[in-house]
Structures are given as C-alpha cells and as structure tokens.
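What follows is a short report on a single structure.
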Amino acid sequence: MKMWSGRFRQPLDPDFERWQRSFDFDCRLLRYEIAASEAHAHALKDAEIISADELISIVQGLQQILQRASASPEFLQDEEAEDVHHFVEKQLAALIGDTGYKLHSGRSRNEQIATDLRLYVRAAIDELRNQLAELCAVFVDRAEKAGNTALPAYTHLQRAEPVLLAHWLLAYVEMFLRDADRLMDCRKRLNVCPLGSGAVAGATLRLDRTLMASQLGFNAPTSNSIDATSDRDFVVEFVSALSQLALHLSRWAEEMILFSTQEYGFISLPEAYSTGSSAMPQKKNPDLLELVRGKSGRVLGHVTALMVSIKGLPLAYNKDLQETQEPLFGSTDTVLQMLPLVTGWMKLVEFNYERMQSAADSGFMNAWAAATYLVKRGVPSRLAHERVGKAVQLCLERGCELRDLPLPELRSLSPAFGEDFYEALSLLSVLAMHDVKGGTAPGQVKQAMAMARKNIESLREEVHAHA
Ligand code: ARG
C-alpha cells in the first residue's frame, strides 16, 4: 500500500513513478531509519497510542527488517518502495500485520528524512575523523624516520629555502588536523534531533521529544519544527568541510606527482599503487595521485550542486530536498574510499633522501642566511640583501656556489664578511637559523612532531568516545 493513495483516483504514470522514487539511493539510510523508528515507537507507547505488546512487536519487526537487509542485499531490491520510509512501513506490515501501520502515527517523512540524514552525517564524520587520525599518524611516522633530511622548499615553484623533510610532512598534518576539526565543528551543530517536528508544524501527538533525542544520541531536540524539517545546512556544511579536505588532498597529490617526475626525482612511486603503460614499457604512472586529484573535483562539484538545489526553496519541506542526498552520499563515498588509500600510499612511498638533500644544498638557497649573517653584523637588511645579491650574480657568472667565493672577494663586497661566513652557509646552519616556533630548525621540528602526536592522540580519543 502506498503511504498516500486515499485521495487519488488515478494511478501514477509509470515513468514518473520510477523517476520520483528515492529508494535506490536512500536505502543506505535503512539502519538510521530503523533506529529513529524505534525511538518514535517508544514515544508512541509513552503517549499511549500503542500498547506495550504492540511496541515489542514493532521493535522486533524493525530489527528483523535490519537483519534481513544485512543477510541478503536482494531484500533491498524493491521496485515498489517509494523511499526508505515507505519500505520500512511496507515490510513491517508484512511481518506483523496492521500494527505495523500504527508506527507512522503522529509523524511525517519530512522529520524522518531530516533525522536519518543527521544520523548518517554524524556517523560519516566519526569514520572520517578516524581515517584522518590514521593518515596523520603515518605522516608523522615518516617525518620521524626522515631525521634531519632536508629538501628545498619552493615559493612560486622556485627553490626558496631548505627545510627539513619532517617539517614539510608536518605541514600536511596541520592541514588534515584542521580538516578533522572542521568536521567536529559540523558534528556539534548537527547533533540535534528533528523527531517530533511532524510535517512542518510539530507532531500532532504529545511525544516526548527529549527522550527520543537522547535515545538516538542527540544532544537535544531541534527548536523549531519548520526549520528542522526543511533545512539542510548541516549537509552543506559537511560537504563543504569535505571539499576543503579534498582540496588539501588534491594539492598534496599534485605535489607528489611533481616530486615523482625524473625532473625532481624526490620520491619513487610505490608499485602497489601505480600502473604501467600499455604502450611504453618503461612507464610507471602515479595513478593513485592522479585519481585523488581528479576525484576531488567531484566533491567540489557536489557542494555546488547542493547549494544550487536549495537556494530557491521557500519554507518548509520541498521535494527538491530529496536531491541533496546523492551529492551527500557521493562526496562521502569519494572521501571515505580515498583516505585509506592515501594512507597506504604514504606508508610505502620511498623518499630519495640523497637527492632531496643535495637539492637542498645547492642553488643559493642559503642566500637569505648569507644576508642574515651580514645583518647580524650590523649591515642594514636592504644593503645586506643587495650585497649578497651581487655575490650570487658573481657565482652565476662563474657557475659556482656562494661557498666557493674567496674571502677577499667577499670582503670587497662588504667588509663585514669574516672567516666564519662559510660555516654559516652550511645546510645545517641554515636550517638551524630558523629557530622560532613553527620554523624548520631541527629542535623546533622535534617539538612540532611531539605536538602533532599529541593532537593525533586526542583526535583518536574523541573518535573512540563517540564510537
Ligand atoms: N524521500 C523523501 C526525501 O528524501 C522523503 C520525504 C518525503 N516527504 C514528502 N512529503 N513527500 O526528501
């Protein structure tokens, strides 16, 4: 039986019928639909709409539906169910008879879908944060193993200054930890329960909303029935947070692709995550990285699709809102599938320490350190910059490095140059010079690493507290 057939005289156009259904995709909300239905059933019993026996039979029926669905996926192949709400009602009535039709007393699908989606997003956030903790832990492990290996840091994609490989890896940890934080922020706001909001004006029965909310692990019931049934800002917020995460992953992938080229030669691609060319026998391609970069585009597309679907909707529920589900599911799947693969890749990638180190130790990346040497000896910064610039110019003409210029020549550029200048140019001195919080001096990076580990630990604890 349909959920609304009474007032209709004509059957639906079969193409329209198929086209408007959402069960093909909202069937994945089944377990949330069941959990929310159980909470509603308890409230119905408390409101004396159903008896204690009826409650038991409804709850058992709901559990049986869940079991059947997990036992055989064909159970969910239902050409008749309009959506997951209709599916559950239909199956429940088939299992326990007309009592099954009592479950919908005093509620509307509008509050149900809003509740199911909140539960879905909440679970997705917990899973994503768990995955992010694993990813960050691998980055920190690799940072620790890298010791004092340096590589060039680039600005404008030109070699700028040497940094520790560990420092560079920890930069990504910062981004991913912020992404985890953004998700947590979203979780806090979404964790309120629409049940009892009815279709738009609030339930028609005196249901205990606080009890339903706490049964589902929500902090409180929502405050306004119109808002609760029609808003999807938590979906937009969540997919926006995913977009930011996808952006970080995409930039990382792009950088790794560059590092893997023969031109850079900083990393060697793990074979387990690469493919070859059907034509060119020598090739090993960065497939994982390219797909991470490519699939990030989907998430960015989905967030736009969501906002555009919602932007013109008057209050309250409109069926357009059904269109928010697929972008939500698509983005979630994309990122959930991607993160563990990135983690696996990160564990196996080989860093070419020697090549990084020698790149870090050439190409005048110590020029700023050289100017700082002069500044510390009282030369005004702008003039020091100018003098060292001249020295670089000399080297470029001769095809040598700053350390190859003899002292008298340096002195003719500035009398402030002394014998200890050469020591100041060494890679380790240059690194050590950036001795500020957040800088690349080895001592600072060590502290940053400890801090990152602590942050990952608190992230893990939070995730487990929610499990
Ligand atoms: N499948 C619908 C959706 O996802 C459920 C809510 C339907 N409500 C209604 N009044 N037709 O939005």
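The values are calculated or read from the model by the stated rules, or taken from the named source; none is laboratory data. All figures in this text were calculated on a predicted structure; none of them were measured in a lab. Counting neighbours? That spans all protein chains shown, and the Cβs are built from the backbone with ideal geometry, glycine included. Keep in mind that these areas ignore ligands, DNA and RNA; they rest on the heavy atoms of the full protein, side chains included. Shrake-Rupley method; radii C 1.70, N 1.55, O 1.52, S 1.80 Å.
Things worth noting here:
- Complete set of residues in the stretch 210-225 that are open to solvent by less than 20 Å² (accessible area, probe 1.4 Å) and under 29 Å from the mean Cα position of the chain (by Cα): 213, 216, 218, 222
Residue-wise test of (1) farther than 21 Å from residue 440 by Cβ; (2) in contact with a strand residue (DSSP E or B) (Cβ under 8 Å, 6 or more places away or on another chain); (3) in a helix (DSSP H, G or I); (4) away from the ligand (no atom under 16 Å from the Cβ).
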{"site": "304", "(1), (2), (3), (4)": "yes, no, yes, yes"}
{"site": "309", "(1), (2), (3), (4)": "yes, no, yes, no"}
{"site": "324", "(1), (2), (3), (4)": "yes, no, yes, no"}
{"site": "328", "(1), (2), (3), (4)": "yes, no, yes, no"}
{"site": "362", "(1), (2), (3), (4)": "no, no, no, yes"}
{"site": "365", "(1), (2), (3), (4)": "no, yes, no, yes"}
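- Enumeration of residues in the stretch 345-374 that are touching a Phe, Trp or Tyr at 6+ places or on another chain (Cβ under 9 Å), more than 30 Å from residue 304 (Cβ to Cβ) and either among the aliphatic types (A, V, I, L, M) or open to solvent by less than 50 Å² (accessible area, probe 1.4 Å) (or both): 348, 349, 351, 356, 359, 370, 373, 374
- Count - residues of the stretch 120-138 that are open to solvent by 10 Å² or more (accessible area, probe 1.4 Å) and within 16 Å of the ligand (Cβ to nearest atom): 1
- The residue list 25, 75 contains one member that is assigned to a helix (DSSP H, G or I), open to solvent by 10 Å² or more (accessible area, probe 1.4 Å) and within 16 Å of the ligand (Cβ to nearest atom), which is 25.
- Verdict on residue 48 being among the charged types (D, E, K, R) and more than 16 Å from the ligand (Cβ to nearest atom): yes
- In the stretch 90-113, of all residues being more than 16 Å from residue 28 (Cβ to Cβ), within 12 Å of the ligand (Cβ to nearest atom) and part of a helix (DSSP H, G or I), the one that is least open to solvent (accessible area, probe 1.4 Å) corresponds to 111.
- Look at the stretch 442-453: where a residue is closer than 13 Å to residue 144 by Cβ and a partner is of a type in the set (S, T, N, Q), sitting 6+ places away or on another chain with Cβ atoms under 8 Å, you get 442/148.
This table checks each residue for (1) small (Gly, Ala, Ser); (2) in a helix (DSSP H, G or I).
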| position | (1), (2) |
| --- | --- |
| 239 | no, yes |
| 252 | no, yes |
| 255 | no, yes |
| 277 | yes, no |
| 281 | no, no |
